[in-house]
Amino acid sequence: MSTPPGPQDGRLDASLSAIMSKRRQVINLAYRLLGSLADAEDVVQETYARWYAMSPQQQEDIESPGAWLTKVAGRICLDLLGSARARRESYVGEWIPEPLPDRTEWISGRSDGTAVDPADRVTLDESINMAFLVVLESMTPAERVAFILHDVFRYSFAEVAEIVGRTPAPCRQLASSARRRIRTSRAPATPTAQRAEIVKEFKEAWAAKDIQALIGLLDPDATAIADGGGLVDAMLRPLGGSEQIARYLVDLASRAPDLTILQRTVNGQPGLALQLDDVTVAVMAFDVAGDRITHIWAVRNPDKLRPWTTG
């Protein structure tokens, strides 16, 4: 005969529900800090493993489980960011943050066949677009953590200080320094509808192999960067200049006649997904200033395309 649930069981259920409800916030924080969904998922697992390693009494003694989870995840990310630069030195070619699809395009499955909980998905907003994430990559680990926690997630500098291991005043300076980097790198915002139209015209010109039309859509000083991770063919160095980029793209289209170019939302902004035999083989993100494309980021590393492909 089963024992009917008592008051203690109710408290445990409420505690479990409260802890699991923070999962989305933790993965959102970790992705913004690391630029990698795979690493963010590892951080979530490690954070929750540390929670469940504690005794029920230790868990009960924590006044705010959500704040505890954020603090632990932030510290794990800080450690990972500290070692990431060394790992990137051995990375083949350029490293680009992992691109994320719009929630309506997210493949609902993992390689092991298990379902993806919608709460695990990353919320797309201004702090997740590719241009923003690329600037974050130029920051020191402490700058990045202080800025994301304070400016994006609205934690006080006293709370940030606990995670970064410094006093509030230096954390304020770190966030201020990061803010200056963001301001310096940002061009005046182009409305999303206009960006989408420019990306559409780019797609059509590329499909038509129209070099002059592509050159007209690209800023004269535009740059294109590809990330193959050494796993697939990709240019190892950035391309600069509208004509060089346009000729490269037309040559690529000529060598892959079966390539399908689709308009997609990439990290909350208009982008493209490239498919061969219905399999996504590359995802492209764009930065636009006025009516010209200034940056193209093309991710070809298959390890970074998991949310775009079936398991």
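Of all the helices (runs of 4 or more DSSP H) wholly in region 135-193, which have at least 2 residues that are over 19 Å from the mean Cα position of the chain (by Cα)? Walk me through how you get there before you give the answer.
On the way: elements: 141-147, 157-164, 168-185.
Fully inside region 135-193 and qualifying: 157-164, 168-185.
Just to be sure before I move on: is VAL135 among the β-branched types (Val, Ile, Thr) and modelled with pLDDT under 90 in the structure I sent? Steps first, answer last, please.
Numbers: among the β-branched types (Val, Ile, Thr): yes; modelled with pLDDT under 90: no.
Criteria not met by VAL135.
Any residue at all in region 94-115 that's at pLDDT 75 or above and exposed (fewer than 13 other Cβ atoms within 10 Å of the Cβ)?
Checking region 94-115: not a single residue is at pLDDT 75 or above and exposed (fewer than 13 other Cβ atoms within 10 Å of the Cβ).
Does region 185-196 contain any residue that is open to solvent by less than 30 Å² (accessible area, probe 1.4 Å), under 18 Å from LEU29 (Cβ atoms) and not charged (D, E, K, R)?
no
Does ALA222 qualify as being in a helix (DSSP H, G or I), within 28 Å of ASP303 (Cβ to Cβ), among the hydrophobic types (A, V, I, L, M, F, W, C) and touching a residue at least 40 places away in the same chain (Cβ under 8 Å)?
So ALA222 does not fit the description; no.
Hey, can you tell me all the residues within region 230-242 that are in a loop (DSSP other than H, G, I, E, B) and surrounded by fewer than 19 Cβ atoms within 10 Å (Cβ to Cβ)?
Those that are in a loop (DSSP other than H, G, I, E, B) and surrounded by fewer than 19 Cβ atoms within 10 Å (Cβ to Cβ): GLY230, LEU231, VAL232, ASP233, MET235, LEU236, ARG237, PRO238, GLY241.
Considering only residues that are part of a helix (DSSP H, G or I) and open to solvent by 70 Å² or more (accessible area, probe 1.4 Å), which ones fall in region 51-93?
Once the filter is applied, which keeps residues that are part of a helix (DSSP H, G or I) and open to solvent by 70 Å² or more (accessible area, probe 1.4 Å), region 51-93 yields TYR52, PRO56, GLN57, GLN58, GLU60, ASP61, ARG75, ASP79, ARG85, ARG87, GLU89.
When the residues of region 264-288 are filtered to those that are under 16 Å from ALA193 (Cβ atoms) and among the small types (Gly, Ala, Ser), which remaining residue is farthest from the chain's Cα centre (by Cα)?
Per the stated criteria, the residue is GLY271.
The values are calculated or read from the model by the stated rules, or taken from the named source; none is laboratory data. All values derive from a computational prediction rather than experimental measurement. Note: ideal-geometry Cβ built from the backbone for every residue, glycine included; neighbour counts use all protein chains shown. Accessible surface is based on the protein model in full, side chains and every heavy atom, while ligands, DNA and RNA are left aside. Shrake-Rupley method; radii C 1.70, N 1.55, O 1.52, S 1.80 Å.
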